[in-house]
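As C-alpha cells, the structure follows; a few thoughts come after it.
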Amino acid sequence: MFGCASAAIFMQFEARGVSFSVNFCSHCGSAELCWTVPPGDNRPRHVCSACKTVFYANPKIVAGCIPQWNDTVLLCKRAIEPRHGYWTLPAGFMEKAETTIEAAVRETLEEANARVEVVDLYTVFNIPHTSQVYMMFRAKLTDLDFSPGAESLECGLYREDQIPWGELAFPTILHTLKFYFEDRKRGDFPLRSGDIVGDRNRAIFALRRRAVIP
Ligand SMILES: [Zn+2]
C-alpha cells in the first residue's frame, strides 16, 4: 500500500503519527490504494489508483465538561478502553452536526446521566501525536440526580483533596483539574491552553487571558 511514496516522505509522516490504515476505497471499492503526495498537495495521502479519490484525515475534537457542584467536581471511572478503571471528566468525540457545547453536554449525560448548564470554555489542549484537540467547558450541575452511564463503572463528586490524582485517565484531564482548582482559589478562570507533546506526555502551556473590553 505504501509503495507509491518515497521512503523519506513516508518515514517523515509516519514518525509524526500521520499515516493511518485504509484497505479499500470507500468511493469505488478498489483495493488499489496508494500512499502518495497528490498533485498540488504538500504531504502524502491515501489516493485510490482506480478513481483517484483522495482520502483526507484530520484531527478529532474531544469535548467535555468540568461539572461543578459547590467545591466539588463530577468524575467518572472509565468502563471502557483505553484507560479502563481510571478516572476522567466526562468527555468524548464530537459527532457530526454538533457544536462543541452540545458534544460536551451530551457526553456528560451519556457518561454520568448528569445534566449541566455550561458556563464557558476553559481548556484547549492540542495533542499532535494522537491528532486530537481537547476542549473542556466549565459547567454547573443542575441537580444531583446522576449515575454511571454505560461507559462508566462509577461516578461521584470530589473535592480537590479527594481527587484520585494518581489514577486520572489522561494528561488532559490531569492538567484541566490542576488549572481548575488553582484558578478556583483566585475566583478567576481565564482560558487555559497548551500542547501535550511527545511520548512522555510533556505539557507546554500558554495562558490566554480574556480580552479586556474598556
Ligand atoms: Zn476508488
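Placing +1 on the Cβ of every Lys and Arg and -1 on the Cβ of every Asp and Glu, with no other charges, gives the chain a dipole of roughly 720 debye about its Cα centre. What is the helix-to-structure angle for 100-112, meaning the angle in degrees between its Cα long axis and the longest Cα principal axis of the chain, kept from 0 to 90 and rounded to the nearest 10? Around 70 degrees separate the two axes. When each of Trp87, Trp165, Trp35, Trp69 is scored by the number of other beta-carbon atoms lying within 10 Å, the sequence from fewest to most is Trp165, Trp69, Trp35, Trp87. Normalised by the number of residues in the chain, the average gap of Cα pairs under 8 Å and 6 or more apart makes the relative contact order 17 percent. Counting helices only, and only those DSSP H runs with n ≥ 4, report the 222 nm mean residue ellipticity of the chain as the sum of -39,500 (n - 2.57) divided by its residues, in deg cm²/dmol to the nearest 500. Helices in the chain give a 222 nm mean residue ellipticity of -5500 deg cm²/dmol.
Taking other C-beta atoms within 10 Å as the exposure proxy, Thr123, Thr108 rank Thr123, Thr108 from fewest upward.
Looking at the chain, the DSSP beta bridges with both ends there are about 70 percent antiparallel.
Rule-based calculations on the coordinates, nothing more; no lab input. Everything quoted here is computed from the prediction, not taken from an experiment. FYI the Cβ positions are ideal-geometry reconstructions off the backbone, even for glycines, and counts take in every protein chain you see.
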